[in-house]
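K.L.:
Submitted below is the structure of interest, expressed as structure tokens.
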Amino acid sequence: MSTKKATIKDVAREAKVSIASVSRVLNGLGGVTAETQDAVRKAAAKLHYVPDNAARSLITGRTHTIGAVLPDLFGEFFSELIRGIDLAARARGLHLLVSSSHDGVEDAAVAVRTMRGRVDGMIILSEFVDGPFLEQNVPSDLPVVLLDSPVDNPRFPAINLDNIAGAQAMVKHLLDTGHETVALVTGPAGNYDAQEREKGYRAAMGQFAPKAPLNIVAGDFTEESGYRAGRALLAQATRPRAVFAANDMMAVGCLYAFKEAGIRVPQDIALAGFDDILIARYVTPSLSTVSVSIAELGKSALLLLTELMEGKGHADGPHIRTLRCDVVARESCGAQQTNVAPKHPPALV
């Protein structure tokens, strides 16, 4: 036996307000009192009212959905990033549509074009996205926020991690702890984060250990590449005293390679990563890392996007904002557990 679906008229009758007031509350248009908003939401919940999104979109011209295009959907970093975006979106009555672009620039273009007309705004994190790509694939009236992007265009505001300062701080910390040589396991070629973290490594080594040789081994941000890099480092004629992996997943791979070879961490070789994913504190030994508030990165992107969607713009602030990173020293680097603040701007500037 079917139950009759509640209508907006039913909600208005239950809340003892006009249909227009219900519409304004449910569509987030404002112009009603807090008491009316509370009454409408309670009535809608009591009646199990579900808005007709298709009809609502025709009326408001909005889908109440935002899109996120990411390089991949696998791994703790991206799951935490999606969580941050989704929680902030839900709090604002928005739905999240997610796609990936890991197979190249055409794949990224398809992901972006597929979302056109389905979303009110878009968050994009992709190594394949540059200025010409955005101009070609993003409608001029669609708000977009970029994450970890070198694009410097006021039309496309970006929120970036302070990768250079974070990497510099970690390498300096390893050197200050007494490790005279530090090797880097870098990320995939062409990846903006990987490039910036390598710049931080080179700058710190040049400033704080100018006589020590640079030692850079290729990786691609996966555990498997970290494992291969760990084996390659152990095969070198002179083993480095410390290893800085450009992300935690590669550091975990290195750790396994070292344990497999009977190399003790940190007694024989120190190890550190970047990102501070959840597993970093639970491996043995616990992993020293550069801490990034991944969920906060997603939340900040969503908040900036909603400002653009509401027409507030971003003229009052820089179009590139930087999210700070902090060194967290745990067991794997051989130093007492602590937080080491790198020299960089405040939390989000």
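The values are calculated or read from the model by the stated rules, or taken from the named source; none is laboratory data. In this text the structure is predicted, and so the values were computed from the model without any measurement. Positions of Cβ are generated from backbone atoms using ideal geometry, with glycine treated the same way; all protein chains shown enter the neighbour counts.
K.L.:
Only one residue in Val119, Val145, Val129 is closer than 29 Å to Tyr201 by Cβ, outside any strand (DSSP E or B) and of a type in the set (Val, Ile, Thr). Which one? Can you show your working first?
P.N.:
Numbers: Val119 fails: closer than 29 Å to Tyr201 by Cβ; Val145 fails: outside any strand (DSSP E or B).
Of the residues listed, the single one that is closer than 29 Å to Tyr201 by Cβ, outside any strand (DSSP E or B) and of a type in the set (Val, Ile, Thr) is Val129.
K.L.:
With respect to Leu161, is the statement that it is touching a strand residue (DSSP E or B) at 6+ places or on another chain (Cβ under 7 Å) and modelled with pLDDT of 95 or more true?
P.N.:
It is false that Leu161 is touching a strand residue (DSSP E or B) at 6+ places or on another chain (Cβ under 7 Å) and modelled with pLDDT of 95 or more.
K.L.:
If you don't mind, there's one more thing I want to ask. Considering (1) surrounded by fewer than 19 Cβ atoms within 10 Å (Cβ to Cβ); (2) in contact with a Ser or Thr (Cβ under 9 Å, 6 or more places away or on another chain), say which one Tyr201 fails and leave the rest.
P.N.:
(1)
K.L.:
Mind checking which strands (runs of 3 or more DSSP E) fall wholly inside the stretch 216-335 and carry at least 1 residues that are in contact with a Leu (Cβ under 6 Å, 6 or more places away or on another chain) and among the small types (Gly, Ala, Ser)?
P.N.:
So the answer is 242-245, 270-275.
K.L.:
Hey, another quick one. Identify all residues within the stretch 66-115 that are within 20 Å of Val144 (Cβ to Cβ), of a type in the set (S, T, N, Q) and in a helix (DSSP H, G or I); write none if there are none.
P.N.:
Residue satisfying the conditions is Thr114 alone.
K.L.:
On to the next question. Of everything in the stretch 87-116, what is touching a residue at least 60 places away in the same chain (Cβ under 8 Å) and either touching an Asp or Glu at 6+ places or on another chain (Cβ under 9 Å) or under 11 Å from Lys299 (Cα atoms) (or both)? Give them in sequence order.
P.N.:
Selection gives Leu87, Ala88, Ala89, Leu94.
K.L.:
Take Ser300 and decide whether it is touching a Cys at 6+ places or on another chain (Cβ under 8 Å) and either modelled with pLDDT under 90 or not aromatic (Phe, Trp, Tyr) (or both). Talk me through it step by step, then tell me what you get.
P.N.:
Details: touching a Cys at 6+ places or on another chain (Cβ under 8 Å): no; either modelled with pLDDT under 90 or not aromatic (Phe, Trp, Tyr) (or both): yes.
Spelling it out, it is not the case that Ser300 is touching a Cys at 6+ places or on another chain (Cβ under 8 Å) and either modelled with pLDDT under 90 or not aromatic (Phe, Trp, Tyr) (or both).
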